[in-house]
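The values are calculated or read from the model by the stated rules, or taken from the named source; none is laboratory data. The structure displayed is predicted, hence computed values, not measured ones. Don't worry about glycine lacking a Cβ; one is built from the backbone with ideal geometry, like all the others, and counts go over all protein chains shown. Each accessible area value is taken on the protein alone, full model and side chains, heavy atoms only, with ligands, DNA and RNA left out. Shrake-Rupley method; radii C 1.70, N 1.55, O 1.52, S 1.80 Å.
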Amino acid sequence: MKMTFRHYGPGDPVTLQQISQIPTVRSIVSAVYDVPAGGVWSRESIARIRDDAAAHGLAFEVVESVPVPEDIKLGNEKAPALIDNYCENIRRLGEAGVKCICYNFMPVFDWLRSELKRPAADGSNSLAYDEQTVLSMDPAAGGLSLPGWDESYTKEGLRALLKQYESVTEEKLWRNMQTFLEAVIPVAHGAGIRMAIHPDDPPWGIFGLPRIITNEENLARFLKLVDMPENGLTFCTGSLGADPNNDLIRMIHRFGDRIAFAHVRNIKFTGEKQFHEVAHPTACGSLDICGIVRALHEEKFDGYMRPDHGRMIWGEEGRPGYGLYDRALGAMYLSGLWEAMENA
Ligand code: DNO
């Protein structure tokens, strides 16, 4: 297991120096942030991330994300050229020493939350999800401000995009996924990179848009589309775990050798399709984090792991879910569990 930590580049209030001070973290997880989805990343930009990390004693082995443009998910006439660009990014990242690329295939919206700062009794705050609140928002009417949200959409642009998805059923999305994987996975194989799809968060369809990376059956189907080790998973416990029907430990044992990247975090359910994010330890939430780490250890997981969203604690202000302190505590907790298991 290789412990990593996400960094959002030069604009991130969390610095590389701070990350380098967290024990056990050996690589950052980052991306080129100034090229729109679909573009090719310059070799210079990629090398800059690697060199800045190296100057702090950190590797740059994981990218999150190379975003998949909507035209690829829609499978329209622009898709083939964009898939070529995607492959070029994989080759360039491989040349720069990257070993794992996290991406998702969620139409339009990335991860969704209804609240960015739900206060807790101890004075901390965290992200929360309440399906009723989310469904009461009209994305096409504007005013939606969500953590994974691409702020560059105009109201008209978004409306037009949602319209294009009206004809995209789940089966069509599966077909477009297959076309993408058949092109990309052999390139990843040649580049020494494992592709790691991120599950949909939350793992069910929303606003009438299809979502397919959601549960055990669909993950099994996904892995068979191109049955190669480079076609791997990001096992995100908070995303998959938001559906209590997902048996995370069983899934780890079933898909063990295909898990390239683990995002480990805890959530607490407060009702149906209602939860908020909590500190990483098992006792703080509804997921058995210790059991999850044990299952990964039993599977001899040798991929990358990162603490996932943290709460805002100790007065920290910053990017929702991605402050320094609580994620650093998470890294320590996860590394501690791992060390104990290694030495048991
Ligand atoms: C949220 C993240 C996601 C993830 C993308 C991967 O915190 O886990 O935004 O990076 O879905 O493409």
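Structure summary
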read-out	value
Residue check for VAL29: modelled with pLDDT of 95 or more and in contact with a helix residue (DSSP H, G or I) (Cβ under 9 Å, 6 or more places away or on another chain)	no
Pair list, Cβ < 8 Å and 6+ apart or interchain, from the stretch 51-75 residues that are aromatic (Phe, Trp, Tyr) to residues that are in a helix (DSSP H, G or I)	PHE60/ILE49; PHE60/ARG50; PHE60/ALA53; PHE60/ALA54
Among the residues listed as ILE46, ILE90, ILE22, ILE72, the single one being closer than 24 Å to PHE105 by Cβ, away from the ligand (no atom under 16 Å from the Cβ) and among the β-branched types (Val, Ile, Thr)	ILE46
Selected residue [open to solvent by 30 Å² or more (accessible area, probe 1.4 Å) and within 15 Å of the chain's Cα centre (by Cα)] from PRO67, PRO36, PRO13	PRO67
Residues that are more than 16 Å from the ligand (Cβ to nearest atom), acidic (Asp, Glu) and either at pLDDT 85 or above or open to solvent by less than 80 Å² (accessible area, probe 1.4 Å) (or both), drawn from the stretch 128-155	ASP130, GLU131
Helices (runs of 4 or more DSSP H) enclosed by the stretch 227-344 - at least 2 residues per element that are open to solvent by less than 10 Å² (accessible area, probe 1.4 Å) and within 28 Å of ILE206 (Cα to Cα)	237-240, 248-255, 289-298
Leading residue by the ranking (nearest to PRO229 (Cα to Cα)) among those in the stretch 183-200 that are of a type outside the set (A, V, I, L, M) and within 16 Å of the ligand (Cβ to nearest atom)	ARG194
Residue check, PHE180 away from the ligand (no atom under 16 Å from the Cβ) and either over 18 Å from the mean Cα position of the chain (by Cα) or open to solvent by 20 Å² or more (accessible area, probe 1.4 Å) (or both)	no
Which numbered condition GLU182 fails, given (1) assigned to a helix (DSSP H, G or I); (2) closer than 15 Å to CYS100 by Cα	(2)
Test: residue in the stretch 320-336 that is within 16 Å of the ligand (Cβ to nearest atom), touching a His at 6+ places or on another chain (Cβ under 6 Å) and within 22 Å of ASP110 (Cα to Cα)	yes
Test set (1) closer than 27 Å to PRO307 by Cα; (2) without any contact (Cβ under 8 Å) to a residue 24 or more places away in the chain; (3) surrounded by fewer than 17 Cβ atoms within 10 Å (Cβ to Cβ) - ARG159 fails condition number	(1)
Candidate set from the stretch 191-200 (those that are in a loop (DSSP other than H, G, I, E, B) and over 19 Å from GLU217 (Cα atoms)); member that is farthest from the chain's Cα centre (by Cα)	GLY192
Residue within the stretch 43-59 that is open to solvent by 40 Å² or more (accessible area, probe 1.4 Å), hydroxyl-bearing (Ser, Thr, Tyr) and over 30 Å from ARG294 (Cβ atoms) present	no
Every pair of residues 6+ apart whose Cβ atoms lie under 6 Å, when the first sits in the stretch 223-236 and is away from the ligand (no atom under 13 Å from the Cβ) while the second is of a type in the set (S, T, N, Q) and open to solvent by 10 Å² or more (accessible area, probe 1.4 Å)	LEU225/GLN178
Members of the stretch 93-127 found to be open to solvent by 10 Å² or more (accessible area, probe 1.4 Å) and within 10 Å of the ligand (Cβ to nearest atom), listed by number	ASN104, ASP110, TRP111
Condition check for CYS102: at pLDDT 90 or above, out of contact with any Ser or Thr (no Cβ under 8 Å at 6 or more places or on another chain) and either under 23 Å from GLY192 (Cα atoms) or hydroxyl-bearing (Ser, Thr, Tyr) (or both)	no
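Okay, residues lined up against (1) within 16 Å of the ligand (Cβ to nearest atom); (2) in a helix (DSSP H, G or I):
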{"site": "GLN164", "(1), (2)": "no, yes"}
{"site": "ASN176", "(1), (2)": "no, yes"}
{"site": "PRO202", "(1), (2)": "yes, no"}
{"site": "LEU219", "(1), (2)": "yes, yes"}
